[in-house]
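The values are calculated or read from the model by the stated rules, or taken from the named source; none is laboratory data. Just so we're clear, the structure is a prediction, and the values are computed from it rather than from any experiment. When we count neighbours, we look across all protein chains shown, and the Cβ atoms used for this are built from the backbone with ideal geometry, even at glycine. The protein model used for the area step is the full one, side chains on, heavy atoms only, and it has no ligands, DNA or RNA in it. Shrake-Rupley method; radii C 1.70, N 1.55, O 1.52, S 1.80 Å.
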Amino acid sequence: MIVLKNKLQGADNVAGATTEQQFTITDQTGRLDKVLAALQSVWTRSQVDKLIKTDQVTVNGQLEASKYHVKPGDEIVVAAQTVQQTTIEPENIPLNIVYEDDDVLVVNKPQGMVVHPAPGHPNHTLVNALLYHSPLSTINGEFRPGIVHRIDKDTSGLLMVAKNDRAHQSLAAQLKAKTNLREYVALVHGVIKEDTGTINAPLGRSPKDRKKQAIVKTGRPAVTHFKVLKRYQHYTLISCRLETGRTHQIRVHLQSIGHPLVGDPLYGPKKTIKGHGQFLHAKLLGFKHPVTGDLLTFEAPLPPIFTTTLAKLDKTDGNH
């Protein structure tokens with residue numbers, strides 16, 4: 001084994017850093033998780049398996065499963081996030097709380113707010129604000145207390161939050177069983193001809209750009225259902241229902257069919273309508289209450305930047 005790189009990138013004194021290690025295999029063979037665990041004694045096999053499943057390991061520039069058979073000549077890159085500090089300070093940041101009881105909380109997150117601390121965003125996150133407001137579940141660790149699912153920084157809308165571990169387990173189980181409701185409104189480039197459609201394509205970290213997600217054969221299953229709400233001359237307003245909840249799922253899926261989100265700085269074209277990031281809003285959220293079993297459904301109106309933009313399109317872009 002030859003170590004080509006061992007460097008620290010993007011260090012953050014609060015949220016963490018990324019340590020990148022690159023190995024060239026000379027004579028080791030066998031399952032990817034076993035080989036990596038043997039190469040680095042500080043990693044257990046379960047830790048390696050987690051790194052692989054969270055798309056932090058590539059082989060020859062491609063994402064591979066734990067069972068991948070390593071052979072001489074393979075180049076393995078591990079870009080693992082490491083924690084620098086283990087405390088998050090509560091912050092008195094206003095929250096738009098849609099619903100709250102002793103077990104769960106539903107919040108309407110604004111554009112521009114990061115959900116939990118991460119490299120580059122050590123504070124001023126939704127979690128900092130939630131910790132000031134209420135006790136939270138501990139299942140997801142110290143950096144994601146209460147967080148059952150996430151939406152991107154520049155995506156607005158509804159999130160369910162667990163205030164205790166019992167609630168967290170129930171809400172997470174509903175996500176896994178795909179029994180909850182998550183519906184988004186999105187404005188995309190181009191005119192979608194079909195009234196409805198389903199995009200079924202596996203997603204994983206892009207082997208070309210680690211800041212991006214991409215459709216990769218070895219990625220995790222991802223399914224997005226969409227429905228056209230309104231057509232303009234150059235844009236389409238749609239609703240998207242998630243069957244799975246992968247990172248950047250809607251953004252990548254819609255880009256893959258030639259209709260990237262308007263305003264998306266990562267996956268969209270340079271020539272776009274300027275706003276506060278992508279025009280994507282988590283409008284509907286539904287789930288069974290973890291204690292009572294009652295079905296709860298919530299709706300959040302589009303943010304002002306979204307409604308203002310649609311009003312302008314009604315006047316300038318016409319509709320079909």
Task: Qualifying residues in the range 144-176 (those that are free of Cβ contacts under 8 Å to residues at least 40 places away in the same chain and of a type in the set (Gly, Ala, Ser)) - the one most open to solvent (accessible area, probe 1.4 Å) - done: Ala173
Open item on the list: What pairs come out if I take residues in the range 200-212 that are under 13 Å from Arg251 (Cα atoms) and pair them with residues that are hydroxyl-bearing (Ser, Thr, Tyr) and in a strand (DSSP E or B) whose C-beta lies under 9 Å away, six or more apart or interchain?
Closed with: Ala201/Thr224
Open item on the list: So in the range 192-212, with the set limited to residues that are open to solvent by 90 Å² or more (accessible area, probe 1.4 Å) and of a type in the set (D, E, K, R), which one is nearest to Val77 (Cα to Cα)?
Closed with: Lys208
- [ ] Those residues that are more than 22 Å from the chain's Cα centre (by Cα) and either under 19 Å from Ile151 (Cβ atoms) or hydroxyl-bearing (Ser, Thr, Tyr) (or both), I need them from the range 274-296; list them, please.
- [x] Thr292, Leu296
Open item on the list: Here's a check for you: in the range 297-318, which residue that is at pLDDT 95 or above and of a type in the set (Gly, Ala, Ser) is farthest from the chain's Cα centre (by Cα)?
Closed with: Ala311
- [ ] Examine the range 180-193 for a residue that is assigned to a loop (DSSP other than H, G, I, E, B) and either closer than 15 Å to Ala282 by Cβ or at pLDDT below 95 (or both), and state whether such a residue exists.
- [x] yes
TODO: Answer yes or no as to whether Thr138 is open to solvent by 20 Å² or more (accessible area, probe 1.4 Å), farther than 18 Å from Thr19 by Cα, under 21 Å from the mean Cα position of the chain (by Cα) and polar (S, T, N, Q).
DONE: yes
Open item on the list: Every residue in the range 200-214 that is at pLDDT below 95, in a strand (DSSP E or B) and not basic (Lys, Arg), please.
Closed with: Leu203, Gly204, Gln213, Ala214
TODO: Quick one: in the range 32-58, of everything that is over 14 Å from Gly219 (Cβ atoms) and in contact with an Asp or Glu (Cβ under 8 Å, 6 or more places away or on another chain), which residue is modelled with the lowest pLDDT?
DONE: Arg45
Open item on the list: So, in the range 274-295, how many residues would count as being touching a strand residue (DSSP E or B) at 6+ places or on another chain (Cβ under 8 Å), open to solvent by 30 Å² or more (accessible area, probe 1.4 Å) and part of a loop (DSSP other than H, G, I, E, B)?
Closed with: 1
TODO: Could you figure out which of (1) open to solvent by 70 Å² or more (accessible area, probe 1.4 Å); (2) assigned to a loop (DSSP other than H, G, I, E, B); (3) at pLDDT 85 or above; (4) among the hydroxyl-bearing types (Ser, Thr, Tyr) isn't true of Ser66?
DONE: (1)
TODO: Keeping to the range 216-256, report how many residues are assigned to a loop (DSSP other than H, G, I, E, B), under 24 Å from Thr309 (Cβ atoms) and free of Cβ contacts under 8 Å to residues at least 60 places away in the same chain.
DONE: 0
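Looking at Ala311, Ala300, which is the one that is touching a Gly at 6+ places or on another chain (Cβ under 8 Å) and more than 24 Å from Gln255 (Cβ to Cβ)?
Selected residue: Ala300, the only one of Ala311, Ala300 that is touching a Gly at 6+ places or on another chain (Cβ under 8 Å) and more than 24 Å from Gln255 (Cβ to Cβ).
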Open item on the list: So for the range 296-308 (the condition being crowded, with 20+ Cβ neighbours inside 10 Å and under 20 Å from Ala177 (Cα atoms)), does at least one residue qualify?
Closed with: no
- [ ] Could you give me the residue pairs with C-beta distances under 7 Å whose first residue belongs to the range 127-143 and is β-branched (Val, Ile, Thr), whose second residue is surrounded by 18 or more Cβ atoms within 10 Å (Cβ to Cβ) and part of a loop (DSSP other than H, G, I, E, B) wherever it lies, and which are 6+ apart or on separate chains?
- [x] Val127/Ile88; Val127/Val115; Val127/His116; Val127/Pro117; Val127/Arg144; Val127/Pro145; Thr138/Pro145
TODO: Could you please let me know if Pro260 is on the phi < 0 side of the Ramachandran plot, in contact (Cβ under 8 Å) with a residue 40 or more places away in the chain and open to solvent by 30 Å² or more (accessible area, probe 1.4 Å)?
DONE: no
